[in-house]
Number of protein chains: 2
Amino acid sequence: MELNPTAYVILGMLAWRPMSGYDVKAIADQSTRFFWATSYGQIYPELRRLAAAGLVAAEPQEGGGRGRKAYKLTDDGARVLREWLAQPPRPLEMRDEALLKVFFAGSAPETAVGALEGKRRELEAKLAQLRTLESSGKPTGHTAVVLRYGIELSEWMVAWCEREAKRLREEGAP
Amino acid sequence: MELNPTAYVILGMLAWRPMSGYDVKAIADQSTRFFWATSYGQIYPELRRLAAAGLVAAEPQEGGGRGRKAYKLTDDGARVLREWLAQPPRPLEMRDEALLKVFFAGSAPETAVGALEGKRRELEAKLAQLRTLESSGKPTGHTAVVLRYGIELSEWMVAWCEREAKRLREEGAP
DNA sequence: ATAAACATGTAACATGTTACATGATTAT
DNA sequence: ATAATCATGTAACATGTTACATGTTTAT
């Protein structure tokens, strides 16, 4: 059973508790989005495919929610999720436009510091969100480990951007 | 003139010297691939589009290479490249499957250390390549700055993977 | 001769984003 | 009533990967 990574985001969350596509998106936006983003355009079709494959099952909707469809993980789904977890992870993909700009800054050297500062600003914004999340106390266990990674890595990157921007400003073109 | 990032990889390299799609790929595989990968399937069609838009121009092929088509940057291409460099960079996209596995490791806690070790091994391999590149002495100026980023960031990540794997092994489930 | 490296290109597929359309429920 | 939020879904588009097809040049 070969699934795309987004499918595993869904399976992973359903392993916590039954939920709807809307819930998956809301939780992803507060957590996995920092290292694996998703959108409704992926989640809803994927939930259908997973249901067709028998890895998730629509929960009988109890009174109230009309349009709402909650799904739960099936035994097969849980097995597929565990198999994926045991597999060596695929190589990290990075798409860092700021780095690309610094790399090619030879064509306009005065722009390099701006690219570094843009990256730093973006990281500070991300850091603020991650710290809010951390002080909420909600992430525990493995999710908290990943949150700490996000915070510490971002801090390292911010420091690097500051250091290199300073160096470039002082030394001029490297 | 809105172009995709891959187009700027091409323009950036042509700003160094005229070259073919094959050259762009070979150089990207030794440099930008660590923060922006490309493939022939993108490069050749993109070169055509850039030529159609007048941002690059096929060089008159001198004796020898038959099929070989070298392109050079036009004045318009150079202007578009500089405009892009001056623009604030788009947010960083990360797709880190190893982190996803740690995040969802609650469903199979014994797999978390394996995901961390997989990530560490991949990083060590990347580090070896980056260090070889560094000791070649070829990257200078802004490209060397980005290379140092790759090396130092990877070292930080390796240390983090080791530290957390150790913690998980000692403390058991977090 | 033949293998390796050089070189270009396309088609099928996978993945992901954005914008739009639609309607129900809940709080003010 | 009405605005906000909850909720589902699709279509068009953008981007990117992989596998394949094809031929040339250079070194052994």
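Which FRET efficiency value, to the nearest 0.05, is calculated for residue A:140 and residue B:39 with the Förster distance at 45 angstrom and r the Cβ-Cβ distance? Mind dumping the intermediate values first?
On the way: r = 41 Å, r/R0 = 0.91.
Using R0 = 45 Å, I get an efficiency of 0.65.
Between rounded, prolate and oblate, where does the stretch B:79-174 land on the alpha carbon gyration tensor, with a ≥ b ≥ c its root eigenvalues, rounded for a/c under 1.5, else prolate if a/b exceeds b/c?
Numbers: a/c = 3.63, a/b = 1.81, b/c = 2.01.
The shape class here is oblate.
Along the stretch B:76-89, what does the Karplus equation 6.51 cos²θ - 1.76 cosθ + 1.60 (θ = phi - 60°) give for ³J(HN,Hα), rounded to whole Hz, x for Gly and Pro?
4, x, 5, 5, 4, 4, 5, 4, 5, 4, 7, 6, x, x
³J(HN,Hα) across the stretch A:111-128 via Karplus (A = 6.51, B = -1.76, C = 1.60, θ = phi - 60°), whole Hz, x for Gly/Pro?
Residue by residue, the stretch A:111-128 yields 8, 4, 4, x, 4, 5, 6, x, 5, 4, 4, 4, 5, 4, 4, 4, 4, 4 Hz.
Need one word for the stretch B:1-90: rounded, prolate or oblate. Basis is the Cα gyration tensor (sqrt eigenvalues a ≥ b ≥ c); a/c below 1.5 gives rounded, then a/b vs b/c decides.
Note, shape of the stretch B:1-90 comes out oblate.
Can you give the relative contact order of the stretch B:1-103 as a percent, counting alpha carbon pairs under 8 Å and 6+ residues apart? Write down the numbers at each step before the final one.
Details: 91 pairs, mean separation 31.2, N = 103.
Rounded, it is 30 percent for the stretch B:1-103.
Enter the angle in degrees (range 0 to 90, nearest 10) between the Cα long axis of helix A:5-14 and the first principal axis of the Cα atoms of chain A, meaning the one along which they spread out most.
It is inclined by approximately 60 degrees.
For the stretch A:1-34 and the stretch A:74-151, what is the separation of their C-alpha centers, rounded to whole Å?
Going from one Cα centre to the other spans 17 Å.
Once you have a ≥ b ≥ c as the square roots of the Cα gyration tensor eigenvalues for the protein assembly as shown, tell me rounded if a/c is under 1.5, and otherwise prolate or oblate according to whether a/b is larger than b/c.
prolate
Once you've got the Cα coordinates, tell me which of A:119/B:69; A:138/B:166; A:69/B:126; A:72/B:119 are over 32 Å apart. If you can, show how the numbers build up before the last one.
Values: A:119/B:69 36 Å; A:138/B:166 24 Å; A:69/B:126 44 Å; A:72/B:119 30 Å.
A:119/B:69; A:69/B:126, as the Cα separations exceed 32 Å there.
For the Cα atoms of chain A, what angle does the longest principal axis make with the long axis of helix A:40-52, in degrees from 0 to 90, nearest 10?
30
Which trypsin sites (Lys or Arg not before Pro) from the stretch A:1-95 combine a DSSP loop assignment with at most 10 other Cβ atoms within 10 Å?
Working: sites: A:25, A:33, A:48, A:49, A:66, A:68, A:69, A:72, A:79, A:82, A:95; in loops: A:66, A:68, A:69.
Those satisfying the criteria are A:66.
Return the long-range amide H neighbours of residue A:20 (sequence gap of 5 or more, or a different chain), with a cut-off of under 5 Å between placed amide H atoms.
The list, which skips near neighbours in sequence, is A:71.
Under the rule of at least 5 residues apart or a separate chain, name every residue whose amide H is placed under 5 Å from the amide H of residue B:56.
B:51, B:74
Along the charge dipole of the stretch B:69-174, Cβ charges K/R +1 and D/E -1, which of B:108, B:168, B:156 sits furthest on the positive end?
Final value for the positive-end residue is B:156.
Where a number appears in this text, it was derived from the coordinates with a stated rule and is not lab data. Because the structure is a prediction, the values reported are computed rather than measured. Neighbour counts are summed over all protein chains in view; Cβ atoms, including those assigned to glycine, are modelled from backbone coordinates with ideal geometry.
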